């Protein structure tokens, strides 16, 4: 199955890739909603208290950023009031605790979209639970458009998407396994936006190295991952003030990178220990490699891969064959010969 990027996503090829892989594990309706959510500005309302406790080296920077965000929120609040008609100005509150996800900012926004759809797309309800109604409407509309396009060009997938103009599958939150798959799906589109924690950094807050810049990057104060600071993350975008901050961050396992983004990996030479072995179920000779990731050559965990055709494969196969590790035969059945008179 393949989804055409020319019809599915005019916004970004990386989002189209997420949609292509989104059918795995029953994740397609969530993948559609995730792409819609990532295509719009973060709708979660953050108040000044969120960054007021950072202190130290980030205090001035976060305070300046908060002033800008407060002005933006006041302006958007005013715009929502003008659209509210008889309801008048909507009162926005900060309920970021509702949209916390321990492993991914992106899944927190997905949760917010699910709540908005389940709440009947009501602006007052959205404002009361700490969401910008304007952004939520944009997300919801885009979700409906993406779902409609997939149903139009790929009717066989309609049953997997469900109703994209209502709560549909979003009425039920994804399982833990689906959440892991969604983080992997997000990583597939953000493979060039991976960052690794710099363990040699001595600053107050954890710093990361990433592929796209030589500067150290940091978790934003609004990130759900700020407290835990996982070793490996992928991010949606960078925001630069006095420092460079990652936004839209998800924790990733380094063991995922080799399988999800093999084009970003190098060094496929088999390790001498353990030696290559024959897998009778897969009927192939397998070896353990220690790949490197990206232009910075980050070490990834060892991976078991099939040996590609070539002299090394033939040499190892011959060795395994002579050692009796390819054809397993412990005894030869006895034959009884009847002598005819």
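Observations, loosely collected:
- Sorting 314, 116, 154 by the number of Cβ atoms found within 10 Å of their own Cβ, with the fewest placed first, yields 314, 154, 116.
- The slack in the chain from residue 241 to residue 323, taken as 0.36 nm per residue of separation less the alpha-carbon distance, amounts to 23.3 nm.
- Gain on full stretching of the segment that runs from residue 266 to residue 13 - 0.36 nm per residue minus C-alpha separation: 88.7 nm
- Fraction of alpha-carbon pairs over 19 Å apart in the stretch 191-286 - percent: 51 percent
- Footprinting exposure proxy ranking of 14, 319, fewest other C-beta atoms within 10 angstrom first, gives 319, 14.
- Shown here is the pair-distance distribution of the stretch 124-271: with all Cα-Cα distances grouped in 10 Å bins from zero up to the longest one, the shares run 9, 28, 32, 23, 7, 1, 0 percent.
- Among 122, 273, 47, the order by Cβ neighbours within 10 angstrom, fewest to most, reads 273, 122, 47.
- For the stretch 237-330, taking Cα atoms only, Rg and Dmax work out to 18.8, 70 Å respectively.
Bear in mind these aren't lab numbers, they're just calculated from the coordinates by the rules spelled out. Not measured: the values here are computed from a predicted model. Backbone-built Cβ (ideal geometry, glycine too); neighbour counts: all protein chains shown.
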